[in-house]
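Have a look at the structure below, then the notes.
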Amino acid sequence: MSATLELVVSNSTQRIRAEASMDRLERMFNEHHDFIWRLLRRLGLSSGSADDAAQHVFLVAAERLDDIRAGSERSFLFGTALRIARSQSRNARRWVLEEDMDVRRSDAGRPEELVDQQRAIALMGRILAGMALDLRTVFVLSEIEGMTMPEVAALVDIPVGTAASRLRRAREAFRAEVARVEVQWKAGIKTS
Amino acid sequence: MSDLKLVPPHEPTELEQCLLEAVAKEAPSAAQRLRVRQALGLPSGSIAPPPAPVAAPGGMLTKLAAAGLAAGALALLLVLPGRLGKAPSRVVEPSVSAAAPMPAPSAPLLLEPPVVAEKAAAPVAASKAPASPSVKKGAARVTSGGAEQPGVGRGDLSEQLRLIESARAAVATRNADGALATLSTYRQRFPRGAFGQEASVLQIQAIDLQGDHARAAAQARTFLARHPNSPHVGVMQRIAGR
């Protein structure tokens, strides 16, 4: 093969490989971006920090695409998100609620629904923050993301029995904390 | 072994169900998705939100969803205003742009606020998808996302990486002028590139290498104020402290 033809073939091969990589990256984005974002939120990042962290996760994946085994994309993204979340939570500012939440408008429904959804999300954030990270991770993957125990175990890289044990304990912690909130509310109503 | 044998299901309370549903519905904004797509060099394409997660059989989310009690749970919150303890004030996170535009090295180097980030709901010109159902801040948080850039295509991410790596190598060999020239090329070619933060960090390091420690420190402090959660915080803090 002549040198020129070799160069043409080489360039075409590189182009095909580059396109295949971008196709793979796009599939990863379409299939996993929202999951990664929600995971980062449940790991304690604020909405803005989760935006940045999600972008960071996918940029890391883009850089290391060739190292990611086919079929392991979600695991890679999950592991990267965990590391980034841990790193950011060490540097993160304390996140507290805005006092004027009630005045915010939404095109997603009635304003009071938006406020209550925000309150629910904020309360959930506080409850999850009180849960140990290993329990919280399994709880989020199972109860919010809807994964089965084998899926959770594979993703977190723990035995299925360990995942089940953590979920039981997480549920107990969650239930106890929600019950405590309800008791406080009811006590507040009686005294008002 | 099925999930039901591993972890016996139990009936969640109304409030538990409400809380789980609220976080399950939370989603990134369409602007956020577009921003990440652009950062990756992907075509804007459809940015309609993907389906919400499906509750696993036996999971807490399934039970009351089937019974349709979620509306009642939401009503529970409606009649309990202000009961979530004190509603404290919020520290509003600064909007972070992945590519804060920076002037050429010869000009006075000021890390200007990312203009796009401060505008509410900057038009997403390339998208025809409906607004994300995600609540709150999505529409007001458009940062570097926005109108599709001409010429940003699939090979651009590799080219961006090459320029950033070249600048990094120049800084490593203390070639400040070379680094600044490369970063100037990067900014001109990719004004909203994926590696805006890295470019800013390298520029500040190069200025520091040139001996202008005061200016580098000032810019490092601006960077830290704008990107408090950046992976480059350590490097910037060292320069800012000089």
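Couple of notes before you dig in:
- R0 of 41 Å, Cβ-Cβ distance A:A179-B:R215: FRET efficiency to nearest 0.05: 0.15
- With the convex hull drawn around the C-alpha atoms of the stretch A:127-182, the volume per residue stands at 64 Å³.
- Accessible area of A:L155 (1.4 Å probe, protein heavy atoms only, ligands and nucleic acids ignored): about 20 Å².
- FRET E, pair B:E11, A:V60, Förster distance 51 Å, beta-carbon r, rounded to 0.05: 0.80
- Total accessible area lost when A and B pair, probe 1.4 Å, Å² to nearest 100: 7000
- Size descriptor for the stretch B:169-225, Kirkwood hydrodynamic radius: 11.4 Å (Cα pairs only, one decimal).
- Cβ-Cβ FRET estimate between A:Q14 and A:S75, R0 fixed at 30 Å, reported to 0.05: 0.60
The values are calculated or read from the model by the stated rules, or taken from the named source; none is laboratory data. Please read these numbers as outputs of a predicted model, since none were measured by experiment. Glycine also receives a Cβ, built like all others from the backbone with ideal geometry; neighbour counts cover every protein chain displayed. For accessibility, only protein heavy atoms count, side chains too; no ligands or nucleic acids. Shrake-Rupley method; radii C 1.70, N 1.55, O 1.52, S 1.80 Å.
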